[in-house]
Each structure stands twice: as C-alpha cells, then as structure tokens.
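> Quick one: the structure is below, questions incoming.
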Amino acid sequence: MDRTSALVPTIVLLLHRKQAAWVLHDPDQGWEPRELWGEPVFDLSSAADLTAVLREIDDKVGTTNHLASFAVQVLSDEESAPLLEQLSPTLTRLQVSNWQVLWLEPLLAQAERHRPSPCHTLRDILPDSGKARVWRDEVLLPLIAERLWGEPAWPPAPVTPPNPDDSALQRRVRELEQRCASLEAQRGSGPLPEGEALLSFLPALYPHVFSTLSGADLALLIGRVEPFEIPSPYAEPSTEVVRKKQREFLALPREVQRALVQLVRSVAPQLKPRPEIAHHIERLLSEE
C-alpha cells in the first residue's frame, strides 16, 4: 500500500489495550469517527470478537462492495496483537485486498512528544467533546495521515541552530566524536564511523526506531542543523541486514558503543532494544 491510497476511502481500525474503534477517512470530507453497535469503543476478548467487529464495519459502510471498496489500515498495540490471528482470513472472506497492519505505539509516542495527551484509552480519545477531541483531531489523526500517506502532520517548526555551550546532548555528541578520533589514531586501522554513519546502526539495535525518533531528533543526535527526511513508512531492514549491522556494532570499541546507546537513551528512553542484543545494551548502559 503506497501514498496513492490517500485517494481511496480508507477505514482505520484502532486496537489499543484490547479495545477496538474505527474512523472513516474520505478523501473529500476528511475524518469521521464511527460507532460499533451504537458505541464509540468495543471491548475485545478474543480473535473472534475482532472478526465480529470487521463484519459489523462491513455492514455499516453500506456500499455496493462493502469493505472491498476501501483501504483498510489496522493500527494495533502489542497488547492487542494476539487478536490479529484471524485478521488475514477474515479480510480475505470480505474480499478486502488493500490492507496492512501498523504498530500503534510509535505513533502514540510521537503524538505524546508533540503534545501531551489527556487520553489513556480509546474511550478517552473517541468522545466528540472536550480536550480529548481536540487532541484527537489536531494531533493523532494528522499523525496517522502522515504515517499512511506522507502528508505533513503539522507545520514544520522553525529550526534553531543548537548552542553547543548550553546543550548537554551536544557536549555528549562532541565527546563521542572525540573518542572516535582518539581511538582511530590509537589503533591506526582505518576510520571509525561517525555522524550519519553511526545512525545507520540504530535500526539494527532498536525495532521501528525511525517511527519513534523524528528527523529532528536524529539531526540533534549528531549535531546537524537541518532535520533528516525519513520516509513514511520506513521499511524495517531484513533479518540478514540486522544481524550484519549488529556484528559491525559489536566490533566497534566498547566506549563508542556505550556512547551511542547513551545518546539514544537520552532522547528516547521509551525505545526497547531488539531482544537478541538487549542484554548487551543494558550492560553498556549500566557502565555509565
């Protein structure tokens, strides 16, 4: 599914803490939260409940081909993931071919960083009144549109060059670069990675890292003024590439490894390392 699907009516199914809600996006009329059996949110206890939700949505849309006329985007958190086991066969039976599943947590984390949320569950997000509606309409739904179709969620913030004298993070970046230069001189065996090259290790260390760290965050990590342009969606690397980059990371001097994960921890403490390298990263962080 690519950005051209923004021209197709789209159903976004949100699955959060084993609750389901759905929002209809029309290319001309925008977003419209819809109900399930007269309620904005439906509690799920099994994969069969999710199947029932999809059939209910199929009945509700009421077009000639029902769900088959729509793109279906399922945004699920980790807690709700076990409920997806019947998703593919159910959508096949409903003749839906244009669909995908995306992880909801990185979007919620990015939305929270942009503007702290008054919402904790879908029941908080979906009401059509109060601060929750403002946050939903001005933060969450524009961010979903950016994730799905590449439409900028918010006007770009003015970029102010960082002041190295006032930024503890910038001091850490300089220290990391100095360590690389010092170690390179000591070992005399070719250059160590720095700047953008160091960022290339991040997808091998943290899943969905570029869904959590913005282009501005990444620029700040290496002391660059201009934000990076990160494709949306950003394709996760293959298992082979992840393993190769992990081996390259482990071959770096330990203090360079430690400095990089410390930088990541300082800007995105919610990021969880990939399981196969999590223990090593925790040991690095314990050496602070």
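> For the peptides 48-59, 76-87, 24-35, 8-19, what is the packing order when you average, over each peptide's residues, the other Cβ atoms within 10 Å and list the highest mean first?
Listed from highest to lowest mean packing, they are 8-19, 48-59, 76-87, 24-35.
> In straight Cα distance, which lysines are under 18 Å from LYS245, not counting same-chain residues fewer than 8 positions off?
LYS272
> Under a point spin-label approximation (7 Å from Cα along Cα-to-Cβ), what is the LEU84-LEU250 distance to one decimal in nm?
2.8
> Return the equivalent ellipsoid semi-axes of segment 3-149 as a descending list in whole Å, where each equals the square root of 5 times an eigenvalue of the C-alpha gyration tensor.
Result for segment 3-149: semi-axes of 22, 18, 15 Å.
> Assuming 0.36 nm per residue, please report the length gained on full extension of the stretch ASP26 to GLU229 beyond their Cα-Cα distance.
Full-extension gain reported as 70.4 nm.
None of the figures in this text is laboratory data; all of them are computed from the coordinates on show. Please read these numbers as outputs of a predicted model, since none were measured by experiment. Because the Cβ atoms are built from the backbone with ideal geometry, glycine has one as well, and the counts that use them run over all protein chains shown.
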